[in-house]
Each structure stands twice: as C-alpha cells, then as structure tokens.
Amino acid sequence: METKPRPDYSGHGLLNLMSTVIQARGGRCEHPPLAGLGLDTLTCATNLVLLVIDGLGADWLERQAPDGVLSRARWGAISSVFPTTTASAIPTYLTGLSPLQHGLTGWFTYFGELGSVMAVLPGKPRYGGVSYRAAGIDPRQLFAHRSIFDRIGTRGITVSPRFIAYSDFNRAHLGRGEVRPFESLDEMFQQTWRVIRPRKRWGRSPQRRERQYLYLYWPRLDSIGHEHGMESAAALAHLAEIEQALEAFLSAAAGTDTVLLVCADHGQIDIQPEDVIDLANHPELVECLTLPLCGEPRASWATVRADSARRFEDYCASELGGLVELIPSRQVIADGLLGPGPAHPHIRDRVGDYCLLPRARHVLRQTLPFETPHVHIGVHGGLSESELRVPLCLFEL
C-alpha cells in the first residue's frame, strides 16, 4: 500500500479523545486516552461539553479563520477514524469504540444479517422504504452498542438537531442519556445554557451542581460543503455564524465551571466534475460485483463474485490503476486502518473483499437504476490530510 496519512488510534485521535471523556466522567475504557490532554481539567469541571461540528477540517479552519475564536482556543489537530465520514466517526463519538468494533463502515453498509445494503444513519435500505423500527427491526438489538451515556458515571445529555434527535439511530445509541432537541444554531447553545446554568436557591448562593456530560452535534457546515463546496462563500459565511454564536455562548457561560471541547468528525475536499469515476463507464468492473459498492465515494467496499476476483483485480490494475488504489479488505483490517478490536462479529460482511481508495481528488460513483445521481462538490471519506485531520479546541469557562 502506498504511503499516505493514516488514522491514529494509539493516542492522537477521536477514539482517544472519547477514552479521555469517558474517564473524565467516571467511566472505564479499553483504549488509550488522548496524549497530552490533561485529564484533571476535564474531571474536575462540573460540566463537560463536547461540540462536534460536522465537516470542520483542521487544515480548512487554519486556513480560513486563523485568528477566529476557534483557532485561538485550538489545543491541536487530531485524527479522525477511517473511513473519514459521519457514519463511522459519530458512532465512535457515541460509543467510544473504533470502526472495527462498532462495524459501521460508511454511509452505505451491507448488513448480512438483514440481507440489505443500508443507509446507516437514516436507517433505510438503499433501494428505499421505511426505517429500521417501522420495518419491525429493533435498532438497539441490531447495533448492540453500549452507549457512552451508559459507560460514564454522571448524567449525560445529547443536544441534537430536531430532525434527527429521535431517529432510530440516535435512540439506539442514547442509552440512559437525555435528549434536548433544537432547530437553530442559537437554540443549540440556548439548550446547552439551560442545562449548565447555576440554579439559585432563594436567598442563597447557587447550589453545587452534579457533574454532567453534554454532547452537541451541528450538521450544517457539512451540508453546505457538499452543496456549494468548502471553498465557497457560503461555507465561509457559515463559519463566521458559528464563531459568532459560539462567542455569545462563551460570554453567557462564563463562571459555570464548564470545559467546552470543540471537535469534528472529518474534513472535506472540493472536487471537479472530471474527478468523478463513473462506474457506468466501467461495466466490466460492475459485472464482477455481487453487491453495489458500499462505503463512501472516497473509500468504497467491493464484494466480488467468487469466480471473478482475478478479473476484478486485473481490471482495476489496467483500467483504474492510476486513479484508484485497490487493497484487500483483510489487509485494511490487518493494517489497523479501522482501529483496534475486538472486531465486530459482522465486520467481514461490512467491508467486503476489497477497499477501493481513489487517488488524488477522485471519487467513485455508482448510480443504481432507480437513483438520482448526487452531485456533491465537497466530499470526504478518504485518507488525505484535509479529510483526516480535525481540530480540537478547548475552552475553560
């Protein structure tokens, strides 16, 4: 495999950040903590708040707002997981497990136990239809993950966009956590303030609060990046909106004995139409597949017919060799790109036979007969520095 950036699970990545959070809130974890992040600071705070801004890459933030409130509080840059996508990173935030352990390996993941390629987060088969629970599937049993809110020893609250706050996926990862839904950026911070604000007793000073952990998720930057590109005026304007709302919250929350961490699930890169490798132009490759490509356009999993493995490899080498790196999935696991184990019992179903990693800024597109092609400008999932490195900012209030 060619030399390229790799996800870090040994002390400098999201997995390690969540190990630190779990320990700081009284839980136990099996993975190393984040190297250099003082555990005492997080442990002693009454309120530990983690805000995940979807799509906020470290390199992009550094370039676009070097003097902004986030950059001024930047603790460092850490590694996302692989694939560098919401569908794999958010489960790590919600469980403290690596992708190898939680088994969610991209937006489209093949669930052999269901016999279906699923869009993991909305919980619907790729061919369409209803979500998990409406189909009679208990998502808690399907995922069988222990929520971070069940792993910590304090109260836990998730502050989530209303449109996903009570989704099957979120409920399956909620455990004993509480939900605070919101509609807007300002309301997200208002909901957080309502939880962490000191409560005054009549005629007395505010009472000592119980320790608590709040997980906040903001999706809009990622959506803007997909639609307009991360180098667009719209993305830059939204970053300014985020920082303005954040500064107002920091002012309001001063003196609440709060540590606020701001991080992300992945970064993005912008592509051009000529970067798209459309499988409609490669019917011989498609003939080798038993399933549609799973995963992400920047990191795809291929499940290949038993009698077509050599044909598939030869085609990739001769027709796509300069555009796509082909790696056996067993090697991806052995090389640790999905993180440490123990491995999810269905991980081999989830990663198929091969991983196709587009080089440079290329993406793979396979449009099924009934689908409308999605034209994304900002993309992620691969192993470039821009996709893999996310900022970690720390505020003590």
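Since every read-out is calculated from the coordinates, none of them should be taken as a lab result. Note that the structure is predicted; figures quoted are calculated from it, not measured. Methodologically, a virtual Cβ is constructed for each residue, glycine included, from the backbone with ideal geometry; neighbour enumeration extends over all protein chains shown.
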Suppose every K and R has +1 on its Cβ and every D and E has -1 on its Cβ; what is the size of the dipole of region 124-232 about the Cα centre, in Debye to the nearest 20? 940
Selected from H344, H31, H374 as most flexible by GNM, with the chain as the system and alpha-carbon contacts under 10 Å: H374
Between S71 and R209, what is the FRET efficiency for a Förster distance of 30 Å, r being their Cβ-Cβ separation, to the nearest 0.05? 0.50
Return, ordered by residue number, the residues of region 91-131 whose backbone nitrogen is under 12 Å from a label point located 7 Å along Cα→Cβ of F370. 125-130
Go ahead and estimate [θ] at 222 nm for the chain from helices alone: -39,500 (n - 2.57) per DSSP H run with n ≥ 4, summed, over the residue count, rounded to 500. -8500 deg cm²/dmol
What is the sum of charges around I78, taking Lys and Arg as +1, Asp and Glu as -1, for the other residues whose C-beta is under 15 Å from the C-beta of I78? -3
Determine, from the Cβ-Cβ distance of Q64 and A360 and an R0 of 22 Å, the FRET efficiency 1/(1 + (r/R0)^6), rounded to the nearest 0.05. 0.50
Under a Cβ-only charge scheme (Lys and Arg +1, Asp and Glu -1), can you give me the dipole magnitude of the chain about the Cα centre, in debye to the nearest 20? 2140
Kirkwood hydrodynamic radius of region 11-89, from inverse mean 1/r over distinct Cα pairs, in Å: 13.9
Which order do the peptides 71-81, 94-104 come out in when sorted by mean C-beta neighbours inside 10 angstrom, highest first? 94-104, 71-81
Could you size up the charge dipole of region 273-379 around its Cα centre, putting +1 on the beta carbon of Lys and Arg and -1 on that of Asp and Glu, and report it in debye to the nearest 20? 300
Packing-wise, with mean Cβ within 10 Å as the measure, how do 126-135, 9-18 rank, highest first? 9-18, 126-135
Using mean Cβ contacts within 10 Å as the protection proxy, how do 211-222, 329-340, 305-316 order, highest first? 211-222, 329-340, 305-316
How far is helix 14-24 tilted, in degrees, relative to the longest principal axis of the Cα atoms in the chain, given as a value from 0 to 90 rounded to the nearest 10? 30
Return the label of the correct value of Cα extents along the principal axes in Å, as calculated from the structure shown, out of (1) 79, 43, 38; (2) 67, 59, 38; (3) 57, 55, 48. (1)
Name the residue from L364, S308, G352 whose Cα lies farthest towards the positive end of the charge dipole of region 273-379, charges +1 on Cβ of Lys and Arg and -1 on Cβ of Asp and Glu. G352
Extension gain, R310 back to R133 (0.36 nm per residue minus Cα-Cα distance, nm): 59.7 nm
Could you calculate the contour length gain from L279 to S116, that is, 0.36 nm times the residue separation minus the distance between their Cα atoms, to one decimal place in nm? 56.6 nm
